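The structure appears below as structure tokens.
The values are calculated or read from the model by the stated rules, or taken from the named source; none is laboratory data. The shown structure was predicted, so the numbers you read here are calculated from the model rather than taken from an experiment. Cβ placement follows ideal geometry from the backbone for every residue including glycine, while neighbour counts extend to all protein chains displayed. What goes into the accessible areas is simple: the full protein's heavy atoms, side chains included, and nothing from ligands, DNA or RNA. Shrake-Rupley method; radii C 1.70, N 1.55, O 1.52, S 1.80 Å.
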Amino acid sequence: MPTNDNSVSEMKRLWERILERIRLKLQEDVVFDNFFSDAYLESINNNEMLVVANSRTAIQLMETSYKSLIAEAIKEISQTEFKVKYITEEDLKNQRSQKGETKKGTYFEKAVINPDLTFDNFVVGPFNREASQAAVLVATKPGKMYNPLFIYSGSGLGKTHLLNAIGNYISKNTYGTQRVLYIAANDFVDEYLRYLKADPESESLKDFFNSVDVLLFDDVQFLVDKTKTEEMFFYIYSAMIAAGKQVVITSDKQPNELKGLDERLVTRFSQGLVVSIKDPERETCIQILRQKIEANGLSIDMFDENVLIFIADHFSSNVRELEGALNRLIFYAVNFQKTDRITLDVAAEALQSLTGGKSINSIINEQKIIDTVADYYHLTPSQLTGTNRTGQVALARHVAMYLIRQLLQDVSLKKIGDMFGGKDHTTVINGVQRVDSELKTNIQLKEAIDELTKRIKG
Ligand code: ADP
Ligand code: MG
């Protein structure tokens, strides 16, 4: 007889009849009244009855002196030889709460906040300022400022970092009194499906989320087209927001571009604050690189300045790749070059396969052009980009500007001006035009340009 709801009353009736039989058999009312009268049948499982008795002493009596009497009564009434197990009410309660605990504990066991991802080591620049500020506000006043906070961006731009930073901040500042849960959407899907069979209404999952104070939900786009899971998430999400608990969500797209996601979720996501992280600009990339170099326990002085520019220019669309390139370079320099100075050549060599398999020499950037031209005219790069206007230096400078325009597609006049000590764009145009017109008559200059082009292109 399984112990589902339907059989509860049946079980009760059965037990009442058994008790009555025991009372008749005992013929000692005082014993019956003290030890048996309030015993009840908790469950029947695999031919085993679980009976709750009012004390340990009662159990002892039932298991010894009255064992056979009880067994007979049961057999007579139920026509079955049930085994009987006894427990006190108190022990039963303890067992239950322990079970409840372990059940809860089994959800999202692997979900931990990464202590290494904090606000302290998150570099802020124009591209991520809005998202970063919103994250800080939410972390300092969970549930009070923006709910939900929704952060979206392309991959590798710091969403997961920010979520963990929020989690670390809240945990630390509330001394662990707030239960903060960081989970990725696909882990939520897995976890939901894992328990669906055993708990079709997901009651214990809902219970679990009742005990969560802050939900940091990463990569919500993975819920798209998973209707059942979305429904469960909607339930949990709505309950948390209604209870004033902070929810932070990240995604690779803004809410209304999450095609296939439940409309109700899209609408609700937009009710808090929606912020994006854009592509990082070169300056911030360089700052991130500096921070990562220091975090690696290395000195920034090991690196030629143009190495950082080189990495920033090649990997700026993704901070993860930027970081990957730097790690690879450090690994390469330490293991293969055994050098304490990381030059552009070393960097280009180390990152060759990451920069599209091009050979070192074929990677052209402004810095390479400046270095090559300076070298050709026996100048230092800083003389070339400086303010000295004597004949040869000015010529070399114009040649460099000209080659940057010729060999690189997307470098604006303003950017070139900046490289040459903040000259304005008309100065750059003049320099380039000067070379252009000279070239028509000046064979020596033409030869110089050809030679330089050859060297730059490798
Ligand atoms: P996303 O979740 O958007 O794909 P992540 O948060 O995983 O990106 O970031 C990728 C890597 O780049 C991580 O190692 C992260 O620590 C680092 N990162 C991203 N943005 C920054 C930043 N502004 N400052 C420092 N590190 C960052
Ligand atoms: Mg991420």
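Give just the number: which of (1) in contact with a strand residue (DSSP E or B) (Cβ under 6 Å, 6 or more places away or on another chain); (2) among the polar types (S, T, N, Q); (3) away from ligand 2 (no atom under 16 Å from the Cβ) does THR250 not satisfy?
Only one criterion is unmet by THR250, namely (3).
Please work out if ASN256 is away from ligand 1 (no atom under 16 Å from the Cβ), surrounded by 13 or more Cβ atoms within 10 Å (Cβ to Cβ) and closer than 30 Å to ILE342 by Cα.
For ASN256, the condition - away from ligand 1 (no atom under 16 Å from the Cβ), surrounded by 13 or more Cβ atoms within 10 Å (Cβ to Cβ) and closer than 30 Å to ILE342 by Cα - is not met.
I'm checking my understanding of the structure. Among residues of the stretch 412-443 that are open to solvent by less than 50 Å² (accessible area, probe 1.4 Å) and not in a helix (DSSP H, G or I), which one is nearest to GLY386 (Cα to Cα)?
Per the criteria, the residue is PHE420.
Mind listing whichever residues of the stretch 202-220 are within 15 Å of the chain's Cα centre (by Cα) and either assigned to a helix (DSSP H, G or I) or not β-branched (Val, Ile, Thr) (or both)?
Within the stretch 202-220, LEU215, LEU216, PHE217, ASP218, ASP219, VAL220 qualify.
Quick one: in the stretch 200-215, of everything that is touching a residue at least 60 places away in the same chain (Cβ under 8 Å) and either within 16 Å of ligand 1 (Cβ to nearest atom) or surrounded by fewer than 17 Cβ atoms within 10 Å (Cβ to Cβ) (or both), which residue is farthest from ILE166 (Cα to Cα)?
SER204
Looking only at the stretch 139-174, count every residue that is farther than 16 Å from SER276 by Cβ, outside any loop (DSSP other than H, G, I, E, B) and not basic (Lys, Arg) and tell me the total.
Selection size over the stretch 139-174: 11.
Scan the helices (runs of 4 or more DSSP H) fully inside the stretch 1-91 and keep the ones with 2 or more residues being under 52 Å from the mean Cα position of the chain (by Cα) and hydroxyl-bearing (Ser, Thr, Tyr).
5-26
Say we look at the stretch 282-291 and pick out the residues that are touching a residue at least 24 places away in the same chain (Cβ under 8 Å) and open to solvent by 40 Å² or more (accessible area, probe 1.4 Å); which of these is farthest from ligand 1 (Cβ to nearest atom)?
ARG282
Counting only residues that are among the basic types (Lys, Arg) and assigned to a helix (DSSP H, G or I), how many does the stretch 175-201 have?
Selection size over the stretch 175-201: 1.
Looking at (1) assigned to a loop (DSSP other than H, G, I, E, B); (2) open to solvent by less than 10 Å² (accessible area, probe 1.4 Å), find the lone condition where ASP279 falls short.
Single failed check for ASP279: (2).
Can you go through GLY297, GLY244, GLY272 and tell me which one is away from ligand 1 (no atom under 13 Å from the Cβ), among the small types (Gly, Ala, Ser) and buried (at least 17 other Cβ atoms within 10 Å of the Cβ)?
GLY272
Suppose we filter LYS75, LYS110, LYS93, LYS67 for residues that are in contact (Cβ under 8 Å) with a residue 12 or more places away in the chain and among the basic types (Lys, Arg); which single one remains?
LYS110
What is the number of the single condition among (1) modelled with pLDDT under 90; (2) open to solvent by 40 Å² or more (accessible area, probe 1.4 Å); (3) within 16 Å of ligand 2 (Cβ to nearest atom) that GLU101 does not meet?
The number of the failed condition is (3).
Please find, among PHE188, PHE208, the residue that is among the hydrophobic types (A, V, I, L, M, F, W, C), more than 16 Å from ligand 2 (Cβ to nearest atom) and within 26 Å of GLN271 (Cα to Cα).
Just one listed residue meets the conditions, PHE208.
Select from the stretch 282-330 the residues that are over 21 Å from LEU117 (Cβ atoms), small (Gly, Ala, Ser) and assigned to a helix (DSSP H, G or I) and list them in ascending order.
ALA312
Only one of (1) modelled with pLDDT of 95 or more; (2) within 16 Å of ligand 2 (Cβ to nearest atom) fails for ARG320. Which number is that?
Only one criterion in (1) modelled with pLDDT of 95 or more; (2) within 16 Å of ligand 2 (Cβ to nearest atom) is unmet by ARG320, namely (1).
Take the stretch 179-199 and flag every residue that is at pLDDT below 85 and open to solvent by less than 80 Å² (accessible area, probe 1.4 Å).
Listed by number, the residues that qualify are TYR195, LEU196, ASP199.
Out of the residues in the stretch 147-168 that are among the hydroxyl-bearing types (Ser, Thr, Tyr) and at pLDDT 95 or above, which is farthest from ligand 2 (Cβ to nearest atom)?
Looking at residues that are among the hydroxyl-bearing types (Ser, Thr, Tyr) and at pLDDT 95 or above, I get TYR152.
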